[in-house]
Each structure stands twice: as structure tokens, then as C-alpha cells.
1. Would you look at the GNM of the chain, springs on alpha carbons closer than 10 Å, and say which of PHE101, PHE85, PHE42 moves the most?
2. Report, in whole Å, the centroid distance computed from the Cα atoms of segment 76-90 and segment 95-131.
3. Please work out which option in (i) 71, 37, 34; (ii) 101, 29, 23; (iii) 41, 32, 27 gives Cα extents along the principal axes in Å calculated from these coordinates, and answer with its label.
4. If I take R0 = 30 Å and measure r between the Cβ atoms of SER159 and LYS47 in this structure, what FRET efficiency does the formula 1/(1 + (r/R0)^6) give, to the nearest 0.05?
5. Which order do the peptides 149-159, 111-121, 16-26 take when ranked by the mean count of other beta-carbon atoms within 10 Å per residue, highest first?
6. Apply the Karplus curve 6.51 cos²θ - 1.76 cosθ + 1.60, θ = phi - 60°, to the phi angles in segment 144-152 and return the couplings in whole Hz, x for Gly and Pro.
7. Which cross-chain or sequence-distant (5 or more) residues have an amide H under 5 Å from the amide H of ALA161, H modelled 1.01 Å from N in plane?
8. R0 = 45 Å: FRET efficiency of ARG68 with ARG18, Cβ-based, nearest 0.05?
Amino acid sequence: MEVPNSTLDGIASEARARLAAWGRRGFVLVLLLIVIAGLCGFLGMQKRTTSASGGGYHLELTYPHIARSGLDVPWQLTITRRGGFDGPVVVEATASYFDIFESQGVSPEPSKETRDGQWWQMTFDKPQGDTLVVAFDIYVQPASQVGRSGTARVLDHGSPAASVDFTTRLVP
């Protein structure tokens with residue numbers, strides 16, 4: 001029987017020890033990148049603003065572009081019409097988009113609302129001035145795992161005058 005020369009014989013080679021050290025360094029680097037991304041806000045909620053004009057209306061929508069389950073998120077549609085509005089303002093939004101959210105309400109309250117298979121239609125009393133701001137107090141449902149896309153539009157005499165498209169992605 002052969003007697004070992006060292007207590008380290010057969011445990012690890014020098015090349016294997018170097019490879020393991022580089023593996024640990026790589027793992028620490030990945031963790032560091034995740035921490036830095038979190039500190040810079042890349043892993044939280046990110047909002048975007050999009051706008052469109054048409055039919056005498058200008059729409060500006062601020063919405064959650066990237067969100068996580070359980071977070072409060074902004075959804076605010078600003079409708080501007082130079083010279084003011086002729087009467088009630090009718091806004092439509094893709095109904096299924098809002099299924100990923102829990103809503104605490106909309107401000108201002110619509111005077112009338114309907115929802116069919118595709119659109120959620122809200123009618124707002126004639127606002128004072130040139131601008132109507134429709135804001136939702138919403139948060140992403142904890143069970144939501146997949147984002148949604150949608151369209152928001154203002155109707156003029158029953159026909160779409162201006163519309164904006166948007167997409168919210170959910171991350172774990």
C-alpha cells in the first residue's frame with residue numbers, strides 16, 4: 001500500500017482550485033450587477049409617456065412600461081382641446097388591459113361608463129378649460145405575471161379622434 005505524501009493529495013488539483021476561484025469571482029460579479037441594477041432603478045417600476053394628436057385633440061398618456069406585481073403604478077391620460085370642449089368627453093380604453101390591475105378608483109369619476117368585450121367607455125362631464133386629466137389609482141395585482149397592451153382614445157361624435165397605444169411588461 002502506498003503512503004500519501006501530503007494530506008492534500010487527492011483533494012484538489014491546482015488547476016481545479018483556480019477554476020473554482022474564477023467561478024466564485026464570476027458569481028460575485030453577477031450578484032454585484034444585480035445590486036447595481038436595483039440601486040439604479042432598473043428592476044422596479046418604469047413609466048413612459050406617449051402622445052398623439054388628431055381631430056383637434058391632443059392626448060398624452062403616462063403609463064407603467066415595466067412593473068412588478070403589487071406595485072402602485074401611474075396611468076394618467078391628459079386630453080387637451082384648444083378652445084375647450086363642446087360637451088361631454090368620451091374616452092375609450094382597451095378593457096382587457098386593466099384586468100392585470102386592482103383599481104382604487106378613477107378621478108374624475110365618469111358620469112357614465114360601459115364595458116363590452118373590447119372597450120371600456122367612460123363619459124366625463126364637460127370640463128372647464130382646455131384640459132381634462134383622467135387618472136387611475138391602480139396597482140398591479142399580486143397574481144399578475146404577464147403584461148398587457150392597450151389603446152386609449154378620445155371619441156368625437158362617436159368616432160375615434162386621437163388614440164395612443166401602450167404596453168406594460170411585468171417582471172418577477
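1. So, out of PHE101, PHE85, PHE42, the one fluctuating most is PHE42.
2. 14
3. Given (i) 71, 37, 34; (ii) 101, 29, 23; (iii) 41, 32, 27, the calculated one carries the label (ii).
4. 0.50
5. On the way: 149-159: 16.5, 111-121: 12.6, 16-26: 10.0.
Order by mean packing, descending: 149-159, 111-121, 16-26.
6. 6, 10, 10, x, 9, 10, x, 9, 10
7. Under 5 Å from the amide H of ALA161 lie the amide H atoms of VAL154, LEU155, ASP156, each far enough along the sequence or on another chain.
8. On the way: r = 39 Å, r/R0 = 0.87.
For R0 = 45 Å, the calculated efficiency reads 0.70.
No value in this document is a laboratory result; all are computed from the given coordinates. Not measured: the values here are computed from a predicted model. Cβ atoms come from the backbone with ideal geometry, glycine included; neighbour counts cover every protein chain shown.
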